[in-house]
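Below you'll find the structure, written out as structure tokens, and then a few comments.
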Amino acid sequence: MQGTIDIVAALIRDEAGRVLLVRKRGTTAFMQPGGKRDPGEDDVTALARELDEELGCRVLPHSVASLGTFECQAANETDRRVHAAVYAVDVTGVVVARAEIDEIIWIDPAAPPNIHLAPLTRDHVLPLAQGA
């Protein structure tokens, strides 16, 4: 094991309760949008920056709610783990794939399609989304 990657991740839902997932360029796993913090960034600042860069949307500050921190196998680096601070957020603006994001999808968390899901999404976020 090479170590742990510290990230922040977003649970974003649409009006129908579907959950937004992204697939990064050159990968196969769908996951929550988000990423690594820049030096000196707190979780919410990092998440807002990542969502703007990757999806072109803005976090509505009053909507941010911590869902907890989770550790699991990294989706794209088999020798590493992720330590993720996960937040439910509402966003404004049109969500589009930008930067390193190749694909976005909206899924029903109670009935995900037969796609490759990142361990964080599969084991932690989708179960949370079903219960909320």
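The values are calculated or read from the model by the stated rules, or taken from the named source; none is laboratory data. This one's a predicted model, so the numbers in the text were calculated from it and none came from an experiment. Cβ placement follows ideal geometry from the backbone for every residue including glycine, while neighbour counts extend to all protein chains displayed.
In this structure, does residue 81 turn out to be among the basic types (Lys, Arg), in contact with a Ser or Thr (Cβ under 7 Å, 6 or more places away or on another chain) and surrounded by 16 or more Cβ atoms within 10 Å (Cβ to Cβ)?
yes
Counting just the residues of the stretch 84-97 that are under 16 Å from residue 63 (Cα atoms) and β-branched (Val, Ile, Thr), which one comes out surrounded by the fewest Cβ atoms within 10 Å (Cβ to Cβ)?
92
Tell me, yes or no, whether the stretch 53-69 has at least one residue that is at pLDDT 95 or above, within 20 Å of residue 14 (Cα to Cα) and of a type in the set (Asp, Glu).
Yes.
Does residue 72 fit the bill of being in contact with a Pro (Cβ under 8 Å, 6 or more places away or on another chain) and free of Cβ contacts under 8 Å to residues at least 60 places away in the same chain?
yes
Regarding the stretch 51-62, can at least one residue be identified that is touching a residue at least 60 places away in the same chain (Cβ under 8 Å) and surrounded by fewer than 16 Cβ atoms within 10 Å (Cβ to Cβ)?
Among the residues of the stretch 51-62, not one is touching a residue at least 60 places away in the same chain (Cβ under 8 Å) and surrounded by fewer than 16 Cβ atoms within 10 Å (Cβ to Cβ), which makes the answer no.
Within the stretch 41-61, does at least one residue satisfy the condition of being farther than 13 Å from residue 100 by Cα and part of a strand (DSSP E or B)?
The answer is yes, given that some residue of the stretch 41-61 is farther than 13 Å from residue 100 by Cα and part of a strand (DSSP E or B).
Go through the stretch 83-123 residue by residue and tally those that are more than 11 Å from the chain's Cα centre (by Cα) and in a helix (DSSP H, G or I).
Matching residues across the stretch 83-123 total 3.
From the list 34, 68, 56, exactly one residue is over 26 Å from residue 3 (Cβ atoms) and not acidic (Asp, Glu). Which is it?
Going through 34, 68, 56 in turn, just one is over 26 Å from residue 3 (Cβ atoms) and not acidic (Asp, Glu): 56.
Which residues, counting only those in the stretch 6-36, are among the hydrophobic types (A, V, I, L, M, F, W, C) and out of contact with any Leu (no Cβ under 9 Å at 6 or more places or on another chain)?
16
Only one of 35, 26 is surrounded by fewer than 16 Cβ atoms within 10 Å (Cβ to Cβ) and either out of contact with any Pro (no Cβ under 6 Å at 6 or more places or on another chain) or without any contact (Cβ under 8 Å) to a residue 40 or more places away in the chain (or both). Can you tell me which?
26
Take the residues in the stretch 69-78 that are under 13 Å from the mean Cα position of the chain (by Cα) and outside any loop (DSSP other than H, G, I, E, B), then tell me which one is surrounded by the fewest Cβ atoms within 10 Å (Cβ to Cβ).
69
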